[in-house]
Structures are given as C-alpha cells and as structure tokens.
C-alpha cells in the first residue's frame, strides 16, 4: 500500500486484474466455489450491505431476527419493505433479497450445512437473491471452520452472493477493503451502477488487498489471538453467573444472565467495561449483551481480572 501511495489517477471500479485474480483464487480455495462466478471489490463491507437493496432495486428484503442493524437500514434506504426472519429458510415468505449472516454478528452462531442448503433451496424456489454475509468466516472458536453458502451451491451460483471483508480477516478496517463474490449476472448489475456512483476502491488499498489475500499465515495468527482472548474472557464472565450462548466463531461473545440487557450493561460499567445491549440487534436480543474481543490482549486480561475479582451483585 505504501509503495502504491502515488496513485493520482482514477482506480478501476471492477478491480485491477491482479486483485480480481487474487479474490477468485481465494474464493475457490476458501469458500469452495465452483462453476461460473465473478467478483468486485467494495469500499468496506458496510457500504455494500447498506446499498445492495438500492443497487439491485429490491422491493422486499428479509434479514435475520438478531442481526447487524445495517441490513434493516439498507432496506429502508432503498425504499423496500422489510421483514425479520428466523434461521429456517423453509418458513420464509417470498422476497426479492434475503440476507444470511454466518458466522453471525452479534451472536457468533454458524449455519449448518443443512441450514444453508435450505437457504439455497428457498432461493431456487422463489428466485430470490441471497446475500450471505460471511465476514467472520476466518475466525472459528474451535477447530471446525464455518462453511460458505457456495459449498452447498454445487456450482450453480445463480442468485447467490457472498460478502467478505478484510477489515476482520486482515485488520484493515481503517482502509475500507472488502469484496463480493457470486452470480456473474448480479455482479455485472452491481458493477454498472457502481461505476456511475463513483464507488471505487483506491488503488493503494487494492494493492494491499492483493497482498493480504495471498497470505493465510497472518489470518491464522489472528484467529489464534481471538481464541485465546475468548477463553480468558469467557472463564471470567461465567464465574459471575453469566452464560455464553452460541459464539461458535467471530469476534464477539453473546452473553446473558437472564436479565434485561441494560441491567447487564450497567453491571459491566461498574468495572469500566463497555458492552453492547442486545436489543441493538433486534428485540429478540434484549436479554443478551455483545462483548467484543477486539481490544488488546492486555486490555482483555485486565477486564477479565476485574470481572473475576468482583464481589458486586454477583
């Protein structure tokens, strides 16, 4: 990125040939994608999530009942009707666009192969576009890696998209580096609008993405850091009567003590620890809080010590 800093010309919206090749190779190696597909870099994953209903002119959008708020905000921005749904896709109503999030933010829940197959079957049945947000796929809590929706697509990627982010995978959050992979016809539609809307990833960032996608060592090292932080923090939290639910992957703990999320927030604040109330992600989360593992190892250890030594309102 530093070497490419002198980049005064407009970058290519579709991505440099080198970046496109790197994304395609990474997708084949890590997502199990087969058949015809295309890719496009995005200015981080949040802008894509927010603008996708508009880019695709979706009229009815589905999103998980406990979910990253931008799925809903994107539907509202696009003027679409919107509806939250459970995990079981066989019970979903017809829609133009449906979001899947595995591993989930905030819960860390990972879709099983059969659950993803039900999503693909739903898409085939209703001709619904599926956007699978898989930004946390590189960070399993254990040894079993979450799978992409493309592992069950069997080479037919019609109406399927997956969103991936180097913010998480490579700690590039401040540089806005992400991409979408999937149905070539959908990628072409997205590209056509993005060209005119000026949604271009700066060339230095494209160069950095190309390098980062070619290396898995730093990703494995970071995954191990998150596992270690999770173990330290989870032990301390459970010692105070909290339960950690799901949290099979990702960067967060999804925690409850059977009380209002605001009561839990207040409990943690006593020790200088800020957690997110679960209802921020939907009313179904109002008895949980989300705890991030993105602080430094030293900060995580300090927080765990404060919690473990607590005698307040245990």
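The values are calculated or read from the model by the stated rules, or taken from the named source; none is laboratory data. It should be emphasised that the depicted structure is a prediction, and the values quoted were computed from it without experimental measurement. Positions of Cβ are backbone-derived with ideal geometry, glycine not excepted, and every protein chain shown enters the neighbour counts.
For this structure, a couple of remarks:
- Leading residue by the ranking (surrounded by the fewest Cβ atoms within 10 Å (Cβ to Cβ)) among those in region 1-20 that are in contact (Cβ under 8 Å) with a residue 24 or more places away in the chain and not in a loop (DSSP other than H, G, I, E, B): 18
- Every pair of residues 6+ apart whose Cβ atoms lie under 7 Å, when the first sits in region 248-261 and is free of Cβ contacts under 8 Å to residues at least 24 places away in the same chain and outside the structural domain of residue 171 (by TED's automatic domain parsing) while the second is buried (at least 18 other Cβ atoms within 10 Å of the Cβ) and assigned to a loop (DSSP other than H, G, I, E, B): 257/242
- The condition (being over 26 Å from the mean Cα position of the chain (by Cα) and at pLDDT 95 or above) is satisfied by just one residue among 243, 257, 266: 266.
- Subset of region 24-38 (residues that are closer than 14 Å to residue 147 by Cβ and in a loop (DSSP other than H, G, I, E, B)): 32, 33, 34
- Being over 30 Å from residue 7 (Cα atoms) and touching a helix residue (DSSP H, G or I) at 6+ places or on another chain (Cβ under 7 Å) holds for only one residue in 193, 180, 219, 244, and it is 244.
- Screening residue 63 against (1) at pLDDT 95 or above; (2) over 15 Å from the mean Cα position of the chain (by Cα) leaves a single unmet condition, (2).
Let's see how each residue does on (1) in the same structural domain as residue 106 (by TED's automatic domain parsing); (2) at pLDDT below 95; (3) surrounded by fewer than 18 Cβ atoms within 10 Å (Cβ to Cβ); (4) not in a loop (DSSP other than H, G, I, E, B):
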{"residue": "143", "(1), (2), (3), (4)": "yes, yes, yes, no"}
{"residue": "147", "(1), (2), (3), (4)": "yes, no, no, no"}
{"residue": "156", "(1), (2), (3), (4)": "yes, no, yes, no"}
{"residue": "161", "(1), (2), (3), (4)": "yes, no, no, yes"}
{"residue": "167", "(1), (2), (3), (4)": "yes, yes, no, yes"}
{"residue": "181", "(1), (2), (3), (4)": "yes, no, no, yes"}
{"residue": "189", "(1), (2), (3), (4)": "yes, no, yes, yes"}
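- Once region 170-179 is narrowed to residues that are assigned to a helix (DSSP H, G or I) and surrounded by fewer than 18 Cβ atoms within 10 Å (Cβ to Cβ), the residue that is farthest from the chain's Cα centre (by Cα) is 174.
- For region 211-254, residues that are surrounded by fewer than 19 Cβ atoms within 10 Å (Cβ to Cβ), in a helix (DSSP H, G or I) and in contact with a strand residue (DSSP E or B) (Cβ under 9 Å, 6 or more places away or on another chain) total 3.
- Residue within region 200-210 that is buried (at least 24 other Cβ atoms within 10 Å of the Cβ), in contact with a helix residue (DSSP H, G or I) (Cβ under 9 Å, 6 or more places away or on another chain) and either within 22 Å of residue 108 (Cα to Cα) or not assigned by TED's automatic domain parsing to the domain that holds residue 25 (or both) present: no
- Leading residue by the ranking (nearest to the chain's Cα centre (by Cα)) among those in region 282-296 that are touching a residue at least 12 places away in the same chain (Cβ under 8 Å) and in a helix (DSSP H, G or I): 285
- Any hit, region 269-276, residues being outside any helix (DSSP H, G or I), touching a helix residue (DSSP H, G or I) at 6+ places or on another chain (Cβ under 9 Å) and free of Cβ contacts under 8 Å to residues at least 24 places away in the same chain: yes
- Assessment of region 46-56 against the conditions (part of a loop (DSSP other than H, G, I, E, B) and in the same structural domain as residue 204 (by TED's automatic domain parsing)) yields at least one matching residue.
- Within region 85-104, tally of residues that are surrounded by fewer than 21 Cβ atoms within 10 Å (Cβ to Cβ) and either under 17 Å from the mean Cα position of the chain (by Cα) or closer than 19 Å to residue 197 by Cβ (or both): 1
- Residue in region 121-131 that is under 20 Å from residue 168 (Cβ atoms), buried (at least 21 other Cβ atoms within 10 Å of the Cβ) and either touching a residue at least 40 places away in the same chain (Cβ under 8 Å) or out of contact with any strand residue (DSSP E or B) (no Cβ under 6 Å at 6 or more places or on another chain) (or both) present: yes
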